[in-house]
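S.K.: Once you've had a glance at the structure underneath, I'll fire off some questions.
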Amino acid sequence: MLKYFWALLLGAFFQQFYNTVDAIIVGKAVGSDALAAVGGSAAMVVNLFVGFFMGLSSGATVVIAQFYGAGRKDEVKKAVHTAIALAIIGGIFITIVGILTSSWIIGAMNTPIEVVEASTVYLRIFFLGMIANLVYNMGAGILRAIGDSKRPLYVLIISCFVNILLDILFVIVLGLGKMGITQGVIGVAVATILCQIISAVIIVVMLIRSDDSYKLYLSQIRIDHEMLLRIIRIGLPAGIQSTMYTLSNVLIQASINEFGKDVTAAWAAYGKIDVLFWMTISSLGTAVTTFAGQNFGAGKYDRVRKSAQQAFIIAAVITIPLSTILYIWGKGFLYIFVDDINVINIGIQMIKFLAPFYCLYIGVEIFSGVLRGIGTALMPMLITLSGICVLRVAWILIVFPMNRTIETVETSYPITWGTTSLLFLIYYLYYIRKHNLSKNPHNNIG
């Protein structure tokens, strides 16, 4: 699990690295207003659309992992081609809807007037690369489902450094950063979608050249209705869960925006630091989902349980030191993105308030990952909706109006993390006992 996890983590690191480079170049070469445009409301909207599809595509990853673990090659082939077709269709849909609604959504989120235009332009350009974005992520998910986390990593490394070069070319060398906020943001957005196209092409070529059951044939990319239903049954709850989670964060972002552009910029900078934890725990969740899926497909239920146990150990060993580092040296990280001392002081408060509570979220990612891996997605969705989304929305709508401070907004996170982890623990123990997963019966994938 560690070998698989580290490859995933490195992949997540490079995926976030070029997003971070965007933020550094924007924050330093263009200004904190541009950083607020790229990393604030715009980032939330991107997460809203992409998060839903990535949740939906996790159903494909689980289905492929289970059939691959069971050695059922025909089903793997059908699932792969259905998954790629789903990515293309989803990309077209999100591109159209995203471009048409970008301006309205940015305005509805109380985005500071100084960054409305730049945020809207960034979103519209970003959505133009959505097909490539989803094809890459689906292709990488296929490779990870069969246990290959190295090749997606190689692709991310390539696209990461290409993105850095294009950022420097557009924003600094060609001088877009000096032409104004909107022009600088355009340079960063174009660099990002070019890298997404490169990543998608490479991952598709890898699948085409494979000799295994997951080999991709372009002429056979189509929807298999039975396989699509399998994918939707697992992936749709995860997609809804991701969407509701992001919507609750959109509400958080709208509340943050009320405090002005400095707080918005600080929240964006904190988000780029905060991602160190999220990419780690997300990679661990992906690892445990794949391990649980393959072992469940092979009927090795004891290894499903051990996957969860080992994941908790790994999470604790990483999260505690990481939280400590961010708490003590968070100020230095903030200086990477911005120079404005007021923005930095606000960011320091955010880090010191939230970093100590990261450990409360561990159970959410690991338990939901195991449950998705063995094919149950409805209850993880309901638990997440109740413990995080509904509770967080209620907090912002009821508690925040009574005490409109940044601290009140921030408090919604540890409360919802701890509550949801506890709910997942209770349900996980109940599920293991009810379905008698203490033994290793014969394979029983439907």
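S.K.: Got a sec? Which residues in the stretch 292-308 would a label at Leu429 touch, if it sits 7 Å along Cα→Cβ and we count backbone N under 17 Å?
M.R.: 305-306, 308
S.K.: Give me the number: length gained by fully extending Phe161 to Asn345, i.e. 0.36 nm times residue separation minus the C-alpha to C-alpha distance, one decimal in nm.
M.R.: Value of the extension gain: 63.1 nm.
S.K.: Here's something else I'd like to know. Apply the Karplus curve 6.51 cos²θ - 1.76 cosθ + 1.60, θ = phi - 60°, to the phi angles in the stretch 77-92 and return the couplings in whole Hz, x for Gly and Pro.
M.R.: Going residue by residue, I get 4, 4, 5, 5, 5, 5, 5, 5, 4, 5, 5, 5, 4, x, x, 4 Hz, with x marking Gly and Pro.
S.K.: For a quick check of understanding: with a 1.4 angstrom probe and all protein chains in place, what accessible area in square angstrom does Asp212 have, to the nearest ten?
M.R.: Accessible area of Asp212: about 60 Å².
S.K.: Now, a different point. Order 155-165, 288-298 from most to least packed using the mean count of other Cβ atoms within 10 Å.
M.R.: Highest-to-lowest ranking by the protection proxy: 288-298, 155-165.
S.K.: A further question on this structure: Is there a quick way to get the dipole size of the stretch 303-446? I mean about its Cα centre, with the Cβ of Lys and Arg at +1 and of Asp and Glu at -1; what is the value in debye to the nearest 20?
M.R.: It works out to roughly 820 debye.
S.K.: Using the Cα centre of the stretch 299-381 as the reference point, and only Cβ charges (+1 on K/R, -1 on D/E), how large is the resulting charge dipole? Debye, rounded to the nearest 20.
M.R.: Here the size comes out at about 460 debye.
S.K.: Rounded to whole Hz and in sequence order, give me ³J(HN,Hα) for the stretch 149-163 from the Karplus expression 6.51 cos²θ - 1.76 cosθ + 1.60, θ = phi - 60°, writing x for Gly and Pro.
M.R.: 9, 7, 5, x, 5, 4, 5, 5, 4, 4, 5, 4, 6, 5, 5
S.K.: Beta carbons within 10 angstrom, averaged per residue: use that to sort the peptides 322-332, 74-84, 96-106, highest first.
M.R.: With the highest mean Cβ count within 10 Å placed first, the list reads 74-84, 96-106, 322-332.
S.K.: Further, regarding this structure: Heavy atoms only, 1.4 Å probe, whole protein assembly: order Val190, Val263 by accessible area, highest first.
M.R.: I get Val190, Val263, largest accessible area first.
S.K.: Still on this structure, please answer the following. Too long at a 25 Å Cα-Cα cut-off: which of Lys73/Lys300; Lys261/Lys352; Lys150/Lys215; Lys150/Lys352; Lys272/Lys306?
M.R.: Lys150/Lys352; Lys272/Lys306
S.K.: Find out how many positive minus negative residues lie around Ile223, taking Lys and Arg as positive, Asp and Glu as negative, among other residues whose Cβ is under 13 Å from that of Ile223.
M.R.: Within the 13 Å Cβ shell, the charges total +1.
S.K.: What does the accessible area of Lys73 come to, in Å² to the nearest 10, when a probe of 1.4 Å is used?
M.R.: Answer for Lys73: close to 140 Å² accessible.
S.K.: If contacts are Cα pairs under 8 angstrom and at least 6 residues apart, what is the relative contact order of the stretch 287-370 in percent?
M.R.: In percent, rounded to a whole number, it is 41.
S.K.: Taking all protein chains together and a probe of 1.4 Å, list Arg392, Arg230, Arg222, Arg433 from the most accessible to the least accessible.
M.R.: Solvent-accessible surface, decreasing: Arg433, Arg222, Arg230, Arg392.
S.K.: Nearest 0.05, what FRET efficiency do Trp329 and Ile113 give at R0 = 35 Å with Cβ-Cβ as r?
M.R.: Taking R0 as 35 Å, the efficiency between Trp329 and Ile113 is 0.55.
S.K.: Could you grab the relative contact order for the chain? Cα pairs under 8 Å, six or more apart, rounded to a whole percent.
M.R.: Rounded, it is 24 percent for the chain.
S.K.: With the cut-off at 15 Å, report for the stretch 333-385 the share of all Cα pairs above it, as a whole percent.
M.R.: Tail of P(r) above 15 Å: 62 percent of Cα pairs.
S.K.: Along each principal axis of its Cα atoms, how long is the chain end to end? Whole angstroms, biggest number first, please.
M.R.: Result for the chain: principal-axis Cα extents of 62, 48, 35 Å.
S.K.: Excluding Tyr4 itself, what net charge comes from residues whose Cβ is under 10 Å from its Cβ, given Lys and Arg +1 and Asp and Glu -1?
M.R.: +2
S.K.: Can you compute the charge dipole magnitude of the chain about its Cα centre, using +1 on each Lys and Arg Cβ and -1 on each Asp and Glu Cβ, nothing else charged? Give it in debye, rounded to the nearest 20.
M.R.: It works out to roughly 1520 debye.
S.K.: Quick one: which residues, 5 or more positions from Val338 or on another chain, have an amide H under 5 Å from its amide H? H modelled 1.01 Å from N in the peptide plane, none for Pro or chain starts.
M.R.: none
The values are calculated or read from the model by the stated rules, or taken from the named source; none is laboratory data. Bear in mind that the values here come from a model prediction, so they are computed numbers and not experimental data. Using ideal geometry, Cβ is built from the backbone for each residue, glycine included, and neighbour counts are taken over all protein chains shown. Please note that ligands, DNA and RNA were not included when accessible areas were found on the heavy atoms of the full protein model with its side chains. Shrake-Rupley method; radii C 1.70, N 1.55, O 1.52, S 1.80 Å.
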